[in-house]
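Have a look at the structure below before the remarks.
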């Protein structure tokens with residue numbers, strides 16, 4: 001009897017030690033508390049875009065890395081319809097749809113492996129669920145694209161990156177805005193088996209997303225860490241997405257190095273170079289840790 005009681009006590013103690021750890025893990029996935037939060041809204045312009053075509057220091061080298069021989073996955077998010085009409089945008093859903101079309105029509109992405117989340121469907125929980133689903137499927141040699149178009153924000157969040165000021169992409173829960181902080185997004189993308197991951201952010205303060213930097217990753221950001229991003233009627237898109245996706249990829253205007261004759265071979269770096277050369281009032285930035293140029 002004494003041995004049985006001791007065994008029960010040991011089991012209870014072990015359970016008591018495991019429960020806090022489990023709670024801590026689940027808390028890590030919940031929206032993080034933050035202070036001094038400032039929503040930095042993407043700006044909607046009316047009328048014609050200005051300028052364009054200025055010289056740019058190029059990211060593209062014309063040398064392709066190994067092409068993807070595995071599966072391709074994508075998580076594509078565009079939020080125009082936020083809770084409270086004061087925060088609504090016009091063209092973020094269009095940005096997401098155009099990215100989806102480019103990947104599935106030009107780069108052989110299987111529609112069944114693409115998570116397209118727009119408007120009210122693009123909740124914090126849905127985004128987390130899509131990332132986890134891809135993480136559970138993707139293996140070494142596969143390719144993953146994460147695209148976001150919407151609002152950005154800054155503030156002080158305990159997201160584990162030791163930054164004084166953190167940046168976030170702005171999601172929602174159907175009723176309220178929910179901020180997905182850079183350090184938290186980095187944690188969600190930790191543990192991926194593949195080192196072929198492409199991030200594209202068309203949002204204000206996008207340049208702060210360099211927390212996601214790792215070997216084999218390319219991070220395309222529509223503006224600097226303190227910059228504002230624009231959308232407009234003349235583009236029918238976010239400005240960065242228009243030049244990066246619509247003009248650069250779908251129209252093929254970014255194809256400077258014809259690596260694969262008579263085929264869609266606009267690399268990520270070429271698309272970025274074209275966007276930089278044409279964007280006005282915002283300065284796109286890139287963090288490229290992929291060897292050579294990356295062809296999706």
| Does the range 113-131 contain at least one residue that is buried (at least 17 other Cβ atoms within 10 Å of the Cβ), part of a helix (DSSP H, G or I), touching a residue at least 60 places away in the same chain (Cβ under 8 Å) and in contact with a helix residue (DSSP H, G or I) (Cβ under 8 Å, 6 or more places away or on another chain)? | yes
| task | Taking residue 242 as the residue in question, decide whether it is modelled with pLDDT of 95 or more and either surrounded by 21 or more Cβ atoms within 10 Å (Cβ to Cβ) or in a loop (DSSP other than H, G, I, E, B) (or both). | result | yes
| task | State which residue is modelled with the highest pLDDT when the search covers only the range 98-112 and only residues that are surrounded by fewer than 16 Cβ atoms within 10 Å (Cβ to Cβ) and not in a helix (DSSP H, G or I). | result | 110
| request: Might you check whether a residue that is closer than 28 Å to residue 274 by Cβ, over 18 Å from the mean Cα position of the chain (by Cα) and surrounded by 17 or more Cβ atoms within 10 Å (Cβ to Cβ) occurs anywhere in the range 67-82? | output: yes
| task | Restrict the check to the range 212-232 and report whether at least one residue is part of a strand (DSSP E or B), in contact (Cβ under 8 Å) with a residue 60 or more places away in the chain, under 13 Å from the mean Cα position of the chain (by Cα) and surrounded by fewer than 20 Cβ atoms within 10 Å (Cβ to Cβ). | result | no
| query | Under the condition of being surrounded by fewer than 18 Cβ atoms within 10 Å (Cβ to Cβ), touching a strand residue (DSSP E or B) at 6+ places or on another chain (Cβ under 8 Å) and outside any helix (DSSP H, G or I), which residue from the range 162-211 is modelled with the highest pLDDT? | reply | 195
| field | Residue list for the range 93-113, restricted to those being under 17 Å from residue 201 (Cα atoms) and touching a strand residue (DSSP E or B) at 6+ places or on another chain (Cβ under 9 Å) | value | 93, 94, 95, 96, 97, 98, 99, 100, 103
| query | What do you reckon, is residue 276 out of contact with any helix residue (DSSP H, G or I) (no Cβ under 7 Å at 6 or more places or on another chain), farther than 21 Å from residue 74 by Cα and part of a helix (DSSP H, G or I)? | reply | yes
| Criterion violated by residue 156 - all others in (1) in a strand (DSSP E or B); (2) under 18 Å from the mean Cα position of the chain (by Cα); (3) farther than 19 Å from residue 240 by Cβ satisfied | (2)
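The values are calculated or read from the model by the stated rules, or taken from the named source; none is laboratory data. Because the structure is predicted, anything quoted here is derived from the model rather than measured. Here Cβ is always computed from backbone atoms with ideal geometry, including for glycine, and neighbour counts include all displayed protein chains.
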